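Have a look at the structure below, then the notes.
The values are calculated or read from the model by the stated rules, or taken from the named source; none is laboratory data. Owing to the predicted nature of the structure, the values given are computational and were not obtained by experimental measurement. Neighbour counts are summed over all protein chains in view; Cβ atoms, including those assigned to glycine, are modelled from backbone coordinates with ideal geometry.
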């Protein structure tokens, strides 16, 4: 307990902490994404491309809704880890409880709004007819569980702020294992198809909530009793961090929505392959997607303890890890590409989208990882607005014109090429911007 009381990340090799937290985060999140990909695989076995396409359209909305919760998770990590770094665990408990209550309330509102506008959003993305109705039904079944998932995300981020990457990983693996077994039962054996996939999401989120809260309360005692007074105390410092983080996280689903809408003009087959590519990218690059949450606690604890050298070292080591991890995964994807294409029975009309991802876009995730490292430094070191600017420059400013222009030249695959170019331009700029920010940072002026 002495190590935990003073902050786990304040001593020891920084690269060791980066590797341990990122790999435990990657293992957990990759397992969940793998289960989600298997969910799509079971639906694809029904031999109904419309159901696969419906999942592709629904994914863009699910991505958006979950990303608002991820923004609050990042804010909670920054707040709680800094307080742990200062040795103020009582305040860390209050912050975690207040963040949990605020996340539940706000995500309930998000879920209600999405359910009301699901049909219009899906139609705008290009869904129509039976495909639209299937996607809308999926959204209506899964969306009420969004507030439950927000509680799980806050609890999991509290574990990461504490430095307990192993139990944070156990949360996602345990809930994912449940889905691993119930997916084929619901989708194939009971014949529920896409509805079964939606029910599985609800069950998985509920399990994640119970397990993560249990670890936070029973193992680390890092959760005060939630209540309106606690929420009110935390409201100011939490939302100062949460709003920019939420806006930054929402850029990626907006970018995915833009690409989906461009690809949808080439037919349901292209969208079905794009749905597979989305799942595959999440599974393959789980380590990259988990980096912001995984290294946030390392930044936060060392910033709270005023250890500037270790903050800079965290930035450098995270960049090195992101670069090596991505190149290794890209090589594995190229080697496994034929087997993956056969497993998902990809339609001939959309294979150019798959090839564009495997041989070009997957490599550009090097720059996505670099961007996430820079954004993690901004979010956890007092300038979350910088992360918002970088994220929206990529997904809101550059992605659509580059994707649209290249799709006009290369067809559906061109949208994927446009994404790759955007990743490169923003990733390089973010790396430079982030390093300048870190070396000029005045830790004494950080506030909650």
Checklist entry - Looking at residue 241, is it surrounded by 17 or more Cβ atoms within 10 Å (Cβ to Cβ), in contact with a helix residue (DSSP H, G or I) (Cβ under 7 Å, 6 or more places away or on another chain) and closer than 30 Å to residue 387 by Cβ? => result yes
Checklist outcome for this item: Of the listed residues (293, 286), the one being under 25 Å from residue 56 (Cα atoms), crowded, with 24+ Cβ neighbours inside 10 Å and modelled with pLDDT under 85 is 286
Next on the checklist: Based on this model, can you work out whether residue 245 counts as in a helix (DSSP H, G or I), under 18 Å from the mean Cα position of the chain (by Cα) and at pLDDT 90 or above?
Outcome noted: no
Checklist entry - If you scan the stretch 113-128, which residues turn out to be in contact (Cβ under 8 Å) with a residue 60 or more places away in the chain and either part of a helix (DSSP H, G or I) or under 17 Å from the mean Cα position of the chain (by Cα) (or both)? => result 121, 122, 124, 125
Checklist entry - Would you call residue 312 assigned to a helix (DSSP H, G or I), within 25 Å of residue 55 (Cβ to Cβ) and more than 24 Å from the chain's Cα centre (by Cα)? => result no
Checklist entry - Is it fair to say residue 155 is crowded, with 22+ Cβ neighbours inside 10 Å and part of a helix (DSSP H, G or I)? => result yes
Checklist outcome for this item: residue 109: passes all of (1) more than 15 Å from residue 155 (Cβ to Cβ); (2) in contact with a helix residue (DSSP H, G or I) (Cβ under 8 Å, 6 or more places away or on another chain) but (2)
Checklist entry - Among the residues of the stretch 77-90, is any assigned to a helix (DSSP H, G or I) and surrounded by fewer than 21 Cβ atoms within 10 Å (Cβ to Cβ)? => result yes
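This table checks each residue for (1) over 21 Å from residue 146 (Cα atoms); (2) touching a helix residue (DSSP H, G or I) at 6+ places or on another chain (Cβ under 9 Å).
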| position | (1), (2) |
| --- | --- |
| 197 | no, yes |
| 202 | no, yes |
| 224 | yes, yes |
| 227 | no, yes |
| 232 | yes, yes |
| 236 | yes, no |
Checklist entry - Looking only at helices (runs of 4 or more DSSP H) that fall completely inside the stretch 358-448, which ones have 2 or more residues that are farther than 30 Å from residue 339 by Cα, without any contact (Cβ under 8 Å) to a residue 12 or more places away in the chain and in contact with a helix residue (DSSP H, G or I) (Cβ under 7 Å, 6 or more places away or on another chain)? => result none
Next on the checklist: Condition (residue is assigned to a loop (DSSP other than H, G, I, E, B) and in contact (Cβ under 8 Å) with a residue 24 or more places away in the chain) applied to the stretch 269-287: is it met by at least one residue?
Outcome noted: yes
Checklist entry - Does the stretch 183-190 include one or more residues that are surrounded by 23 or more Cβ atoms within 10 Å (Cβ to Cβ), more than 27 Å from residue 383 (Cβ to Cβ), touching a residue at least 60 places away in the same chain (Cβ under 8 Å) and in contact with a helix residue (DSSP H, G or I) (Cβ under 6 Å, 6 or more places away or on another chain)? => result yes
